[in-house]
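The values are calculated or read from the model by the stated rules, or taken from the named source; none is laboratory data. Source: prediction; values computed, not measured. Neighbour counts are summed over all protein chains in view; Cβ atoms, including those assigned to glycine, are modelled from backbone coordinates with ideal geometry. Calculation scope for accessible area: heavy atoms of the full protein, side chains included, ligands and nucleic acids excluded. Shrake-Rupley method; radii C 1.70, N 1.55, O 1.52, S 1.80 Å.
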Amino acid sequence: IFQDQTIILVDHIYHHIIITQSHIKEGATMIFSILLVAALLASTEAFAPLERSLHANTRHHHASSRSRSSVHSATHLRSYLDSLGPAPDAIEEPPRFGSYLDSLGASPASASNADAAATTEPFLPKPSARGTIGSHVTSTPVTVSKKHPTLAGGISMADILKDAGSPAIISNGGIDDICAFDAASISIKSRIARSGSISADDIHGSIGKANEIVATIRHHFPGALGSSEVLRRVRGVLDGMGVENILLSQSVCPDEINHEHGDITDLFIEEVGGGKVFHLGGLAGVPFTGKTGFGAYSAHVAQNGHCFVLQAPHIGMSDDLFLGKYSREGQASAGSACGAAVGAMCHCAANNAMPDLGAVTDDYQMNFLIHEISKRMGALSDIQDENTKQAELARQTSDIGRGMLDQILSTEFGDANAMLFVFTGIQINMPFDFEDYFQPLSFEVRKKDGSIVDLF
């Protein structure tokens, strides 16, 4: 009798585990019982029918005609198993990993981030207010990109720095920037992986290099932050306003280094645009699609929806820490970034003839940039330091793009409550294992009544 009931028990448990996802917890709890029963039966002839029963279930567990009436176990076994509830006709989709994490509740750090987003403090530090080193370190980024490594156990280097309570002071090899800490950690771990060990001097060297990069960016682009931190703050503003149903557009240079996984363009597409984006931009991030492009984009906004425009030129930093250049994978030397902006400036600096925009049709965007940069050479020609000149070129290019953007924007879309969000800045392509940075320059919302609200 014991053997018969055991076979029925194992058979029914196996059936529940295979068929019923909603009872997976109960099934998992009884797996240990299966192992014990199998051990007891291993030396008896009952193991053979048990094995046949399990194989039969494997072959036929999808058969909807299977009936519970075939189970003729003792009453107490049937009552217990029936208490688990009937197997569903179809297997439900398992919960997503993110849903499981959400069910655990927000961590204290996450809760504090949400509280901070709800305050009335300015969205971002003004670019003109050059803060001290460490003044812009805030919290763990929302999205972990390929440039945000995690350590064993699932905690990121950013978490370690954040949980320390306050930024480390830049002294004796200290570090105060989360992105710099992540980049230095990758360098250190790579050295250990290659050589099996790393010296204290090399560790300090990696930290020093990361600090030098951050110091350069902060000097030339005050207020610049890691892309994921910018996203966190933008999302905080939108969530605080209760804004949903956004159709995103981007006016960003098509250079591939602006659209890598973890870049601000990628993060905004996923976290602001819900995976969708309408592209307005051409060379140097200028919205060359014009009024027709913006009209087409805004006409796609859903009912009760809103528009969000991200506009930005870009500037690279090479492995040698030169601005206006970028060390691309597979190339022996660094090249220009943004190539169009740098090329236009070089054309003007060499006193080359201005192209006829009315006659040129095969390279209109570049010729337009040459004409616009030529009007701004007075702000560029006298700058002796090359990094300073390149940073100023990025700002002048931003003005060009923003000027055209203002000409094509319109709130003639959607219903009476539809809003137009405009977010501009400079995208900074970072060297080594750094997350790309972004210097926000403006953030505003335009409403149907003609009002413009500064969200910056």
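Quick look at the values:
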| quantity | calculated |
| --- | --- |
| Other-chain or far-sequence residues with amide H under 5 Å of LEU280's (modelled H) | GLN250, SER251, VAL252 |
| Rounded to whole Hz, the Karplus (6.51, -1.76, 1.60) HN-Hα couplings of segment 213-218, x for glycine and proline | 5, 5, 4, 5, 5, 5 |
| Size-normalised alpha-carbon gyration radius of segment 345-403, reference 2.2 N^0.38 Å | 1.16 |
| Fraction of antiparallel bridges per DSSP, segment 298-456 only, in percent to nearest 5 | 65 percent |
| Tensor-based shape of segment 356-439 (alpha-carbon gyration tensor, a/c under 1.5 rounded, otherwise prolate or oblate) | oblate |
| Filter on LYS276/LYS325; LYS291/LYS389; LYS325/LYS375 - keep pairs with C-alpha separation over 28 Å | LYS276/LYS325; LYS291/LYS389 |
| Tensor-based shape of segment 264-412 (alpha-carbon gyration tensor, a/c under 1.5 rounded, otherwise prolate or oblate) | oblate |
| Segment 174-305, accessible area per residue, ligands and nucleic acids excluded (1.4 Å, Å²) | 39 Å² |
| J(HN,Hα) series, segment 322-327, from Karplus relation 6.51 cos²θ - 1.76 cosθ + 1.60, nearest Hz, glycine and proline x | 9, 6, x, 10, 8, 8 |
| Student exercise, segment 195-244 dipole from Lys, Arg, Asp, Glu Cβ charges, in Debye to nearest 20 | 160 debye |
| In Hz, Karplus ³J(HN,Hα) per residue of segment 301-308 (6.51, -1.76, 1.60; θ = phi - 60°; x = Gly, Pro) | 5, 6, 4, 6, x, 9, 9, 9 |
